[in-house]
There are 2 protein chains.
Amino acid sequence: MLSTLQDEKQDPRVKRTRSLILNAFMEILPEKGFQSVSVQDITEKAGINRATFYAHFPDKYALLDHSISQMFRQEIEKRMLDACHYSDENLKTLIVTVCEFVSNANSHCKPSSLQFESLVEAQVKNQLQGLLQVWLEQDDSDVDAKTAATAASWAIYGLVLQWSHDKNKKKPSAEKFADQVLPLIAVNLRLAQPA
Amino acid sequence: MLSTLQDEKQDPRVKRTRSLILNAFMEILPEKGFQSVSVQDITEKAGINRATFYAHFPDKYALLDHSISQMFRQEIEKRMLDACHYSDENLKTLIVTVCEFVSNANSHCKPSSLQFESLVEAQVKNQLQGLLQVWLEQDDSDVDAKTAATAASWAIYGLVLQWSHDKNKKKPSAEKFADQVLPLIAVNLRLAQPA
DNA sequence: TGTTCTAAACAACAGATGTTGTGTAGTTTA
DNA sequence: TAAACTACACAACATCTGTTGTTTAGAACA
């Protein structure tokens, strides 16, 4: 399921234990939800001693943060968004990716909680911002890449969250939604002038 | 310091205890920082029993959320931003307000923590979004107020946060910063078309 | 293969959270 | 003004977190 991160030589026990923790966490999350899962729950499921958990992660929040980061990065890599340049088509794919990711995160972790959602948010926004900034810097335009990437990544996330919380029967598909908001985002990516 | 919220008839003990909690919290926060302050600390400072705290707030996070909400609302009301209409001038004032609020929050609560910052963020964004939506709905244009307010409030917060974390010697003042990002935000508030 | 190093198990502890039932005190009502 | 209602104090409890020192077991090294 979750592949190991570090390709360099690592003590096999460390890799094994870390993998046990991550796998146990991903199994238990849909059952219990993030808020009510405890470190004790996770370590029981993983079959390791609770004190060992703290050698790998400072707390369950760090574990969630790491898991989200890894999963979202996989979604980006799967679509090769990290290896392409800025275009409206790629921006649309990015927005759809975020839609799908947020929807999946919320439906596989019931009941959701504020802390869960804010960690998902922080992680996804961070990666969005990094990616958009790289895209813009490759583009050789005179836009302030950092400012543009910040405004756009935050706006994307805000809009996606609103879309994902939409209980309306007429809620558009992720594709249609992305088409609708694309102009709004694209203009941010063009308008930020260097100070 | 903190005024009571409920103007309707409320048991004086409830008001008194609540006020003790809020005041104690605001006193202890700059000393200890949010992360290391405990409910026990707060109730000791307030001179009430710990179990009583839970009759008023489910946890310290809810207490922080409530405090931020109230303080930010006061900042909005102080500048009468809740009683005016949308204009570039008022939008600029709003951005400056957020800058000042975020700067003050971060400097009066050292060491800051992720959870503190994400609660400040959630609360400020929420109020920003509400206010911008009201402004746009009053404006009688054909823009999708909700979408525009979402994109803009998130972009404002993202940009302000980046500004507030800027360690650069040449960091612009809040006023100058607001001038710089105003075009970026303003265009969001004009571009969201009804679906 | 034996030695050294490192990760994990284990038990125990202190501190904090969240809850509960009972008694006390303050407020409201008739 | 007494009775009824409600908020708070209090003590106790279970659960969880984070930490620590010691022992055991696995991995790396010579």
Some residue of segment B:182-193 being open to solvent by 20 Å² or more (accessible area, probe 1.4 Å), touching a residue at least 40 places away in the same chain (Cβ under 8 Å) and within 29 Å of B:Ser67 (Cα to Cα): yes
Scope segment A:16-52; condition open to solvent by 70 Å² or more (accessible area, probe 1.4 Å), touching a Ser or Thr at 6+ places or on another chain (Cβ under 8 Å) and at pLDDT 95 or above; matching residues: A:Asn49, A:Arg50
Residue match in segment A:159-177 (condition: among the small types (Gly, Ala, Ser) and under 15 Å from A:Tyr86 (Cβ atoms)): no
Some residue of segment B:166-178 being touching a Ser or Thr at 6+ places or on another chain (Cβ under 9 Å) and open to solvent by less than 50 Å² (accessible area, probe 1.4 Å): yes
Lone qualifier among A:His85, A:His108 - being away from DNA strand C (no atom under 16 Å from the Cβ), open to solvent by 70 Å² or more (accessible area, probe 1.4 Å) and in contact with an Asp or Glu (Cβ under 8 Å, 6 or more places away or on another chain): A:His85
Close pairs from segment A:13-41: first in contact (Cβ under 8 Å) with a residue 40 or more places away in the chain and closer than 19 Å to A:Asn106 by Cα, partner open to solvent by less than 30 Å² (accessible area, probe 1.4 Å) and within 13 Å of DNA strand D (Cβ to nearest atom), Cβ under 6 Å, at least 6 apart: A:Phe25/A:Ile42; A:Phe25/A:Leu63
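Residue check: is A:Pro58 outside any helix (DSSP H, G or I) and either within 12 Å of DNA strand D (Cβ to nearest atom) or over 16 Å from A:Leu128 (Cα atoms) (or both)?
yes
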Meets criteria (more than 14 Å from DNA strand D (Cβ to nearest atom), touching a helix residue (DSSP H, G or I) at 6+ places or on another chain (Cβ under 9 Å) and within 14 Å of chain A (Cβ to nearest Cβ)) for B:His85: no
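So that you can scan it fast, the table gives a plain yes or no per residue for (1) in a helix (DSSP H, G or I); (2) within 14 Å of chain A (Cβ to nearest Cβ); (3) within 20 Å of B:Trp163 (Cα to Cα):
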{"residue": "B:Glu77", "(1), (2), (3)": "yes, no, no"}
{"residue": "B:Lys92", "(1), (2), (3)": "yes, no, yes"}
{"residue": "B:Cys109", "(1), (2), (3)": "no, no, yes"}
{"residue": "B:Leu128", "(1), (2), (3)": "yes, yes, yes"}
{"residue": "B:Ala151", "(1), (2), (3)": "yes, yes, yes"}
Only one of A:Ile28, A:Ile42, A:Ile48 that is aliphatic (A, V, I, L, M), part of a helix (DSSP H, G or I) and either more than 23 Å from the chain's Cα centre (by Cα) or more than 11 Å from DNA strand D (Cβ to nearest atom) (or both): A:Ile28
Count of segment A:164-181 residues which are touching a residue at least 40 places away in the same chain (Cβ under 8 Å) and within 11 Å of chain B (Cβ to nearest Cβ): 3
Every residue from segment A:130-149 that is aliphatic (A, V, I, L, M) and away from chain B (no Cβ under 13 Å): A:Leu131, A:Val134, A:Leu136
Residue satisfying condition, being assigned by TED's automatic domain parsing to the domain that holds A:Gln133 and either assigned to a helix (DSSP H, G or I) or of a type outside the set (Lys, Arg) (or both), within set A:Lys176, A:Lys170: A:Lys176
Residue within segment A:155-163 that is more than 10 Å from every other protein chain (Cβ to nearest Cβ) and either assigned to a helix (DSSP H, G or I) or not polar (S, T, N, Q) (or both) present: no
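The values are calculated or read from the model by the stated rules, or taken from the named source; none is laboratory data. Here the structure is a predicted model, which is why all the values come from computation and not from measurement. Note that we place each Cβ from the backbone using ideal geometry, even for glycine, and neighbour counts take in every protein chain shown. For accessibility, only protein heavy atoms count, side chains too; no ligands or nucleic acids. Shrake-Rupley method; radii C 1.70, N 1.55, O 1.52, S 1.80 Å.
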